[in-house]
Amino acid sequence: MKRLLLAATAALAISGVAAQDFPGSKPVTFVVPFAAGGPTDKVARDLAEAMRKPLGGNIIVENVAGAGGTLGGTRVAKANPDGHTLLLWHIGISTSPALYRNLQFKPLEDFEYLGLINEVPMTLLGRPNLPANNYAELIKWINDNKGKVNLAHAGLGAASHLCGLLFQSQLKADMTTVPYKGTGPAMTDLIGGQVDIMCDQTTNTTPQIAAGKVKAYAVTSLQRLNTPELRNLPTLDESGLKGFNVTIWHGLYAPKGTPKPVLDKLNAALKEALKDPEFIKRQAALGTMVVTDARTNPAEHKKFVEAEINKWGQVIKAAGQYAD
Ligand code: ASP
């Protein structure tokens, strides 16, 4: 018994020292559960840049893509809880329990919550040679091409999948869905004309719209957006899909059991990064809203995700969607 107590005391002392030195010379890895070149990847790379200084260490990004983001989620849930492997994921963490029967982690039990990051609306896009130049023409084209329309998305439970599902169900149109490991590669195929339409976060779509590489038909938020590239786009709500509102959020997570002093350091660095005017400006230019300080509190973050799990669980059950 005495030996056991001594071992426990030693372990505590070591973790205390390690926490004080954290992050030390070993880099922190943000695991992004989608392919490089997409919007989640973009947010992660921007945040890594803004968090390096307040954290006092290097941050790298690793893409662990597949199964709508759940592979990356599993990787971090099972990682060493030392603060060096973190998960940067979006709304998918809250849709995955209802969608995946064999999910290898429990979002509310297997992670430490570090705070929300931002909210990002989406845009409805078409391939550049699609013969529809506005939303009304797109709907006509979809109706004229029943059974032939392809819709790209980033896997079951991805934001692009949820947006595409809602779009199809409100239109009462059936499309062939084409899954990718992220909307980065899906965007390449949309630009190349291999798929017809896609919903994607403004973080990824703004530069493509500005360069005229895709056709943009609408935004998925209830209000129009205010950036030069997006301000002329109607909302889906005003275009006839009453109440259509899909806004994506991102959050940062550590594996369960990460020492509290390490979590506190990470949370403080996140809070500081989200106040960085350069970061805020860069996000705003891409239609993204950085969250308020209170929403970066771990307890608030967890409460929010719990509510999202309940909300999306009901929507998904009603739609009869799931994967094994
Ligand atoms: N935008 C993707 C999604 O649909 C994910 C990504 O590639 O970042 O969730």
- Task: Please go through region 196-220 and pick out each residue that is in a loop (DSSP other than H, G, I, E, B) and away from the ligand (no atom under 15 Å from the Cβ).
- Result: Asp196, Ala211, Gly212, Lys213
- Message: Quick check on region 96-105. Is at least one of its residues within 13 Å of the ligand (Cβ to nearest atom), under 26 Å from Leu236 (Cα atoms) and crowded, with 18+ Cβ neighbours inside 10 Å?
- Response: yes
- Message: Need pairs with beta-carbon distance below 9 Å; first residue over 14 Å from Trp312 (Cβ atoms) and assigned to a helix (DSSP H, G or I) and within region 159-179, second among the aromatic types (Phe, Trp, Tyr) and within 13 Å of the ligand (Cβ to nearest atom); sequence gap 6+ or separate chains.
- Response: Ser160/Tyr180
- Message: Checking Thr202 against (1) under 22 Å from Pro33 (Cα atoms); (2) surrounded by fewer than 23 Cβ atoms within 10 Å (Cβ to Cβ), only one condition comes out false. Which one?
- Response: (2)
- Message: Any residue that is out of contact with any His (no Cβ under 8 Å at 6 or more places or on another chain), β-branched (Val, Ile, Thr) and modelled with pLDDT under 95 - is there at least one of those in region 199-214?
- Response: no
- Query: Restricting to region 204-232, what's the tally of residues that are within 24 Å of Gly243 (Cβ to Cβ) and of a type outside the set (Gly, Ala, Ser)?
  - Reply: 13
- Query: Can you tell me how many residues in region 227-254 are of a type outside the set (Phe, Trp, Tyr), part of a strand (DSSP E or B) and in contact (Cβ under 8 Å) with a residue 40 or more places away in the chain?
  - Reply: 6
- Does Gly257 satisfy being outside any helix (DSSP H, G or I), in contact with a helix residue (DSSP H, G or I) (Cβ under 6 Å, 6 or more places away or on another chain) and within 28 Å of Val31 (Cβ to Cβ)? no
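The values are calculated or read from the model by the stated rules, or taken from the named source; none is laboratory data. These numbers were taken from a predicted model, which means no experiment stands behind them. All Cβ positions, even for glycine, are placed from backbone atoms using ideal geometry, and neighbour counts span all protein chains on display.
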